[in-house]
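*Asks:* I have a structure here, written as structure tokens, and I will follow up with some questions on it.
The values are calculated or read from the model by the stated rules, or taken from the named source; none is laboratory data. Predicted model only: the values in this text are computed from it and were never measured. Cβ atoms come from the backbone with ideal geometry, glycine included; neighbour counts cover every protein chain shown.
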Amino acid sequence: MDFLKITTNPIESIEKELIKLNIASTNDTYIFWIGQAGFLIKFKTNLIIIDPYLSDFLSKKYKGKIFPHIRLMAPPINSESIKSLNYSFCTHAHSDHLDPETISILSKNNPECKFIIPAAEKEEAVKRGINREQILTINAGQSIQLDDDIEVLAIAASHEKFKINERKEHHFLGYILNLNGVSIYHSGDCIPYKGLYNKLKKLKIDIALLPINGRDEYRLSNGIVGNFKIPEVLDLCKKAKIPNLIVHHFGMFAYNTVSEEELHKLKHFDSPYLRVIVPKISNLYRIEIN
């Protein structure tokens, strides 16, 4: 998309802004960051959510452990207040992406919502509270036409490595959403792997949503699987010719984030070929096609 404009607007709250957008008539696309790898996307009359972690499930699960998973930011919206949800995407089954205390509420309160889940994780999704009848499964290389203006393509993600079951189903996925010609890539949790750059270049991505919390042996040896490092996401966008980057997977847990110095450098990253957005939960990002 050669004429894509992204504007940043401060908001009072996501809940109030969604009410305004439901009343307004617009063809623009709106993105809210909801912390960690989570995003809400408003597109025409559709409300889409990706990898929401809106509870305190992990701090209870890991209480007393080496990494206690204490939230550094409060959920910017209550799961109970998310209504009229059309599509919910899960990239993999780690609980900050497939949170039982969030998705069970979303499923119950949004009975018409479709949950797009890696085929390898269907039964796990049901265990965590998603109504089986609401689930659409997908595997790497498959696409689903969700409505006339929304198509999703799943691609493999390497969460430090690939995880594939005996049915050749990938447990870790990234999603490319085509919203009436605007292509948005959410990598899920991922690191660079052979063929990824060329694959994305061919798909002509307009906006990439990429994690930046990195990885190291200490975290990995204690069960924390890592993601892209900041230089790697910049390199990916350069090689794949992606003009817009919104980073995520920072600021939630003290042991698994990046420094303020690194975020400051990203905020002031200057390139005529790449716009980098370090999102805030107090901002709304409006995507316009000129």
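*Asks:* Can you pull out the residues in the stretch 1-46 that are charged (D, E, K, R), in a strand (DSSP E or B) and at pLDDT 95 or above?
*Replies:* Within the stretch 1-46, LYS42 is the sole residue that qualifies.
*Asks:* Looking only at the stretch 173-220, which residues are of a type in the set (Gly, Ala, Ser), in contact with a Gly (Cβ under 8 Å, 6 or more places away or on another chain) and surrounded by fewer than 24 Cβ atoms within 10 Å (Cβ to Cβ)? Lay out the reasoning, then the answer.
*Replies:* Step one: filter the stretch 173-220 for residues of a type in the set (Gly, Ala, Ser), giving 174, 181, 183, 187-188, 195, 208, 214.
Restricting the remaining residues to those that are in contact with a Gly (Cβ under 8 Å, 6 or more places away or on another chain) gives 174, 187-188, 214.
Answer for the stretch 173-220, where residues must be of a type in the set (Gly, Ala, Ser), in contact with a Gly (Cβ under 8 Å, 6 or more places away or on another chain) and surrounded by fewer than 24 Cβ atoms within 10 Å (Cβ to Cβ): just GLY214.
*Asks:* May I ask you to list the residues in the stretch 220-243 that are over 16 Å from ALA157 (Cα atoms), in contact (Cβ under 8 Å) with a residue 60 or more places away in the chain and in contact with a Leu (Cβ under 7 Å, 6 or more places away or on another chain)?
*Replies:* PRO243
*Asks:* Still on this structure, I have one more. Which residues, counting only those in the stretch 47-102, are of a type outside the set (Val, Ile, Thr), over 20 Å from ILE281 (Cβ atoms), modelled with pLDDT under 95 and not in a helix (DSSP H, G or I)?
*Replies:* The answer is TYR62, LYS63, GLY64, LYS65, PHE67, PRO68, SER84.
*Asks:* Here's a follow-up. So, ALA37, is that one among the small types (Gly, Ala, Ser) and in contact with a Gly (Cβ under 8 Å, 6 or more places away or on another chain) or not?
*Replies:* On the way: among the small types (Gly, Ala, Ser): yes; in contact with a Gly (Cβ under 8 Å, 6 or more places away or on another chain): yes.
Yes, satisfied.
*Asks:* Any idea how many residues of the stretch 115-149 are out of contact with any helix residue (DSSP H, G or I) (no Cβ under 7 Å at 6 or more places or on another chain) and within 20 Å of ARG167 (Cβ to Cβ)? Walk me through it before giving the result.
*Replies:* Initial filter on the stretch 115-149 (out of contact with any helix residue (DSSP H, G or I) (no Cβ under 7 Å at 6 or more places or on another chain)): 116, 118-125, 127, 133, 136, 140-149.
This time we only want the ones that are within 20 Å of ARG167 (Cβ to Cβ), so: 116, 118-125, 127, 136, 140-144.
Within the stretch 115-149, residues that are out of contact with any helix residue (DSSP H, G or I) (no Cβ under 7 Å at 6 or more places or on another chain) and within 20 Å of ARG167 (Cβ to Cβ) number 16.
*Asks:* Out of all the residues in the stretch 153-172, which are surrounded by 20 or more Cβ atoms within 10 Å (Cβ to Cβ) and among the β-branched types (Val, Ile, Thr)?
*Replies:* Within the stretch 153-172, ILE155 is the sole residue that qualifies.
*Asks:* Those residues that are over 18 Å from ILE48 (Cα atoms), touching a Ser or Thr at 6+ places or on another chain (Cβ under 6 Å) and buried (at least 20 other Cβ atoms within 10 Å of the Cβ), I need them from the stretch 108-129; list them, please. Please lay out each step first, then the result.
*Replies:* The first filter runs over the stretch 108-129 and keeps only residues over 18 Å from ILE48 (Cα atoms), leaving 119-124, 126-129.
If we keep only those that are touching a Ser or Thr at 6+ places or on another chain (Cβ under 6 Å) too, we end up with 119, 122, 129.
Passing the criteria: only ALA119.
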